[in-house]
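The values are calculated or read from the model by the stated rules, or taken from the named source; none is laboratory data. Predicted model only: the values in this text are computed from it and were never measured. Note that each Cβ is placed from the backbone with ideal geometry, even for glycine, and that neighbours are counted across all protein chains shown. Keep in mind that these areas ignore ligands, DNA and RNA; they rest on the heavy atoms of the full protein, side chains included. Shrake-Rupley method; radii C 1.70, N 1.55, O 1.52, S 1.80 Å.
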Amino acid sequence: ATSLDGPENEPRVREFLTRQGAAFGNYITRYGTGSKSFEVFDIPDGALPHLRLLDRDGTLSKAFSDPIAPHRVDKAIEELLAVSKDG
């Protein structure tokens with residue numbers, strides 16, 4: 001996960017993640033919230049949250065922007081897992 005809060009907000013972000021029990025890698029962009037982050041992370045509509053699913057090779061499979069529908073994400077993950085079993 002990558003936060004677009006910017007380095008100056010690291011203590012606040014770290015506190016939030018700790019409260020949430022986050023047990024996965026988390027990063028903070030050096031660019032903060034703004035057009036540079038949207039450009040660097042290729043978020044063309046600037047909508048947050050933004051979710052990307054990558055296949056096992058790191059190739060973008062699907063991208064979701066706000067609103068992110070959980071059932072659509074689940075379906076996309078199931079499709080990716082089915083492809084990885086076949087390949």
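Relative to the first principal axis of the alpha-carbon coordinates of the chain, what is the inclination of helix 70-86, with its axis defined by its Cα atoms, in degrees from 0 to 90 and to the nearest 10?
Around 50 degrees separate the two axes.
Charges at C-beta only: +1 for Lys and Arg, -1 for Asp and Glu. How large is the resulting dipole of the chain about its Cα centre, in Debye rounded to 20?
It comes to approximately 180 debye.
To the nearest 10 square angstrom, what accessible area does Val83 show with a 1.4 Å probe?
100
According to the square roots a ≥ b ≥ c of the eigenvalues of the Cα gyration tensor, what is the shape class of the range 1-60, taking rounded for a/c under 1.5, prolate for a/b larger than b/c otherwise, and oblate for the remainder?
The shape class here is oblate.
May I ask you to give the percent of accessible area on the chain that is carbon plus sulfur, with a probe radius of 1.4 Å?
52
Please give me, ordered by residue number, the trypsin sites (Lys or Arg not before Pro) of the range 3-84 that lie in loop per DSSP and have at most 16 other Cβ atoms within 10 Å.
When the trypsin sites (Lys or Arg not before Pro) of the range 3-84 are filtered for loop state and at most 16 Cβ neighbours within 10 Å, Arg30, Arg56 remain.
Averaged per residue, what accessible surface does the chain expose to a 1.4 Å probe, in Å²?
Averaged over the residues of the chain, the accessible area is 76 Å².
May I ask you to compute the full-extension gain from Ala69 to Thr18, defined as 0.36 nm times their residue separation minus their alpha-carbon distance, rounded to one decimal in nm?
15.9 nm
Please compute the length gained on full extension between Tyr27 and Ser61, using 0.36 nm multiplied by the number of residues separating them and subtracting their Cα-Cα distance.
Fully extending the segment from Tyr27 to Ser61 adds 10.1 nm.
Taking the Cα centre as origin and putting +1 on Lys and Arg beta-carbons and -1 on Asp and Glu beta-carbons, what dipole magnitude results for the range 39-87, to the nearest 20 debye?
Roughly 160 debye, rounded to the nearest 20.
Have a look at Leu51, Pro67, Ser3 and report the one farthest towards the positive end of the charge dipole of the chain, computed about the Cα centre with Cβ charges (Lys/Arg +1, Asp/Glu -1).
Ser3
Give me the number: length gained by fully extending Asp42 to Asp5, i.e. 0.36 nm times residue separation minus the C-alpha to C-alpha distance, one decimal in nm.
That works out to 11.7 nm of additional length.
Relative contact order (percent) for the chain, with alpha-carbon contacts under 8 angstrom and 6 or more residues of separation?
21
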